[in-house]
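Structure first, commentary second.
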Amino acid sequence: MLKKLLSLVALTILLLPAKAQTSFNANNRFEQLESTLPTPNSYRTASGSPGKDYWQQRADYDIKVELDDINRKIIGSEMITYYNNSPDDLPYLWIQLDQNLFEKNAPGKTTKTGEIKNGISAGAFQELTDPKDYGYKITAVKDAKGNPLRHTINQTMMRIDLPTPLKSGASVSFGIDWNYLITEYYGRSGYEILGKENIANYFIAHWFPRLAVYNDVYGWQHKQFMGQGEFTLNFGNYKVAITAPNDIVVGAGGELLNPNQVMTATQLKRWEQAKTATRPVEIVTQDEAIKAEKSVPTGKKTWVFKADNVRDFAFTASRKFIWDAMQVDVEGKKVWAMSYYSKEGNPLWGKYSTMVVAHTLRSYSKRTVAYPYPVAISCHATAGGGMEYPMISFNGGRPEADGTYTENVKNGMIGVIIHEVGHNFFPMIINSDERQWSWMDEGLNTFCQYLAEQEWDRNFPARRGEPQTIVPYMRLDSKNQVPIMANSENIMDFGNNAYAKPATALNILRETVMGRELFDYAFKEYARRWAFKQPYPADFFRTLEDASGVDLDWFWRGWFYGTEPVNQSIETVEWFGIDTQDPTVKKAGDKALAEAKAKTMSAIRNKTDIKRTVVEENPDLTDFYNTYDRFAPTEADKKKYQDYMASLNEDEKKLVTEGKNFYVVNFKNKGGLPMPVIVKLSYEDGTDEVLRFPAEVWRLNDVTAKKIIPTSKKVVKWTLDPFYEIADIDTEDNSFPREPAQPTKVQLFKMQGRTYSGGPNPMQEAKNAKEKSGAVTGSKNN
Ligand SMILES: [Zn+2]
């Protein structure tokens, strides 16, 4: 860094705003989104809230279903009442037949591409070769009197033609009977066989024909179910009677209406205790569950549930289940937090699951709306992953057979339970259109999950949310990326695009762009406005701006509609001081400089080589200029300085004399995505200071932004993004002067030792070591 002297006059000129440069096309990044977003109307306003004419359809279900455990089959019959709240008359209704995803010719199968590299997974092999006749067998579609209704099945959708159009404001009741073979658990539903006993744990979802959504945005939303894009659903009231073998425990996303008929006296007593407990109470204990594994049913039992104002209904069932529960206070309301899990889930599940459910309800309620339902359930399904339905979720996280587990398995389980229980808010209450927009539930939910994880345990190793964790994805070539604003089925790299990137973007909005207070208020306002309604992206974008007063169009444009990364650098730093114009000071400086410059190599050597010069030999050859000090201030210089100082007012005088530094820092936006510039100034005396400039510093020139930064102290180092908050994909150019490059470390030896699924398992090592030391003293223990 070089300190230059600058006159005050020159400084004044530099402080004038720079002219817009037409060569950079910069305004595109800061253009308003109005040409991209849908035109506001009386259903959805320009402020992002539901409009005065907002409407949505409603569907109520009365379902009787039997779980056939021998044939692993669902046999159901339902009566649906559909309320047409739209302004339109409807000649036909569309019904979702999600189980047809598993039919041989389902669009999810026929459009899937694939190749075989180093083998084929068992799951993929089974999907390609399983000869079972999956999919819905629709045995009746009938009106309220039992007369058949004309219907046409188009893959995963069915159109029912009404004898007369359903008038705006009217309702219609009709019935459907069906059955289907349950598939093996595929990530969203199915059965899982656990243990030697060949017992199935059932996780039953998208198991009944249900109404597609008709709304003001798409008309009928009947985009086929391909497997990736989830569900678009109506709210309604459910009554569901589930009949199963009488040794099976059933849990469901609703309130149990007949506990006295399905629970034993002992279980009912424990249920009472659980109402005031501070730790989960086992309604069915592990010992009882293990005994039940060997039982044979002696008949059937019917469990009756109701669920009001939900968008879906799912249930779980198994004779292997341990069931624990406790009632917790969520924003002044009592809610049942419960878990169902087989012994394979312990000791993790008994210790954590229900406690995590309770924490999630409280954390999310605080940020969105108070949890409105009476129950929230976490079920243990498969080793990994998770899936959500109203009031009930199916979650992974399984210890080793010896009861030990890795840290990754523990934290993964806690994270997935927070995530899936968190889905009760997005999309089960704030009912976004999942078939179209995955980020609206996954992204918002993953963001809230990140916040809840930090409240669960300090420094919880969250996978997603911190800006640094999205950097490898943001570095990908743009041909391997699609914007967040891509239809669910067209998303590449689903986890990063639909979960991590939007979650990171929201975290950046909260911490860096808007600040916690403005963000939290606006985010809660979005939840409040759209609870029990169906928001679309524009409603979210508009509400966050409307409630915070922050123009975020550039942010939505860059993060949600674009694929460019953030990559800022500090290119140069220029250092200026004020020229006081004091001739004493100025000429002393000039003199020092001239003297330094006179010390050339020739001059140094001549000092000894030339013994005596001619003038030194002959002093009479000197004159005025041999003693003249050309750096001494003249009377004219002094007068000019006095006149200059006299022309300044007190503030100007202070500025000239206090010796401020002025740095011109040249920031570069190499990545494209404009972001706030955050820079740390490290001073000579060891102290530091952080300056923040909003993203709008790039509004006139989206490549280069120079800032004049005055300081009293001398800056020895500049650091961009010192808290890793903007997801900068290249941090090597973030300091000035540049940090010496770090060598890329190479390993000399291959990794030694065992690896476990999910990483090292120190818990198991400790257990084995303990057992080994026992063996030394005589006992044999495997
Ligand atoms: Zn999710």
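The values are calculated or read from the model by the stated rules, or taken from the named source; none is laboratory data. Keep in mind that this is a model prediction, so the values were computed, not measured. All Cβ positions, even for glycine, are placed from backbone atoms using ideal geometry, and neighbour counts span all protein chains on display. These area figures cover heavy atoms from the full protein model, side chains too; ligands, DNA and RNA do not enter into them. Shrake-Rupley method; radii C 1.70, N 1.55, O 1.52, S 1.80 Å.
Numbers below:
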read-out: Sorted largest first, extent of the chain alpha carbons per principal axis (Å); value: 134, 83, 55
read-out: The range 103-199 shape via C-alpha gyration tensor axes, a/c threshold 1.5; value: prolate
read-out: Helix-only CD estimate at 222 nm, as mean residue ellipticity for the chain, using -39500 (n - 2.57) per DSSP H run (n ≥ 4); value: -7500 deg cm²/dmol
read-out: Theoretical gain in end-to-end length, ASN246 to ASN618 [0.36 nm per residue, Cα-Cα removed]; value: 121.2 nm
read-out: Cross-link partners of LYS533 among lysines (Cα-Cα below 23 Å; sequence separation of 8 or more within a chain); value: LYS52, LYS167, LYS223, LYS239, LYS306, LYS333, LYS366, LYS524
read-out: Two-site label geometry, ILE604 and THR302: point separation in nm, points 7 Å out along Cα→Cβ; value: 10.5 nm
read-out: In nm, spacing of pseudo-spin labels at TYR625 and GLU407 (7 Å Cα→C-beta vector); value: 7.8 nm
read-out: Among beta bridges that DSSP assigns inside the range 339-469, antiparallel share in %, nearest 5; value: 40 percent
read-out: Degrees between helix 348-367 axis and first principal axis of the chain (Cα, 0 to 90, nearest 10); value: 60 degrees
read-out: Between the range 312-336 and the range 697-747, the Cα center-to-center distance that results, in Å; value: 50 Å
read-out: Per-pair calculated FRET efficiency, R0 = 25 Å: ARG528 and SER168 via Cβ, rounded to 0.05; value: 0.35
read-out: The range 584-651 versus the range 52-118: alpha-carbon centroid distance in Å; value: 94 Å
read-out: Between the range 174-197 and the range 513-576, the Cα center-to-center distance that results, in Å; value: 41 Å
read-out: Filtered trypsin sites (Lys or Arg not before Pro), the range 600-661: DSSP coil and at most 13 other beta carbons within 10 Å; value: LYS611, ARG612, ARG630
read-out: Tilt relative to the chain, helix 407-422 - C-alpha long axis, 0 to 90 degrees, to 10; value: 70 degrees
read-out: Using θ = phi - 60° and Karplus 6.51 cos²θ - 1.76 cosθ + 1.60, couplings along the range 535-544 (whole Hz; Gly, Pro as x); value: x, 10, x, 4, 5, 5, 4, 5, 5, 5
read-out: Degrees between helix 439-456 axis and first principal axis of the chain (Cα, 0 to 90, nearest 10); value: 80 degrees
read-out: GLU331/ASP730 FRET efficiency (R0 51 Å; Cβ-Cβ; nearest 0.05); value: 0.70
read-out: Net lengthening on full extension, LYS707/GLN228 (0.36 nm per residue, minus Cα-Cα); value: 167.8 nm
read-out: Cα-based reach from LYS611 at 19 Å (exclusive), listing aspartates and glutamates while leaving out same-chain residues under 8 positions away; value: ASP620
read-out: Shape of the range 441-513, Cα gyration tensor, a/c cut at 1.5; value: prolate
read-out: FRET efficiency estimate (nearest 0.05) - Cβ-Cβ, GLN742 to THR110, R0 35 angstrom; value: 0.10
read-out: Beta bridges by DSSP in the chain, antiparallel share as percent, to the nearest 5; value: 85 percent
read-out: Partners for LYS334 among aspartates and glutamates (Cα-Cα distance below 18 Å; same-chain residues under 8 apart left out); value: GLU255, GLU272, ASP308, ASP324
read-out: 20 Å cut-off, amide nitrogen to a point 7 angstrom out along ASN459 Cα→Cβ, residues in the range 400-438; value: 406-415
read-out: With every protein chain in place, the chain: carbon and sulfur % of accessible area (1.4 Å); value: 53 percent
read-out: For the range 316-362: rounded, prolate or oblate by the Cα gyration tensor [a/c cutoff 1.5]; value: prolate
read-out: Peptides 727-733, 455-461 ordered by average Cβ neighbours within 10 Å, highest first; value: 727-733, 455-461
read-out: Most positive-pole-ward Cα, THR45, ASN84, VAL409, against dipole of the chain from beta carbon charges; value: VAL409
read-out: ALA592 paired with LYS479, simple spin-label distance in nm, labels 7 Å along Cα-to-beta-carbon; value: 5.9 nm
read-out: Added length on full extension, which subtracts the Cα-Cα distance from 0.36 nm per residue, LYS639 to THR36; value: 210.6 nm
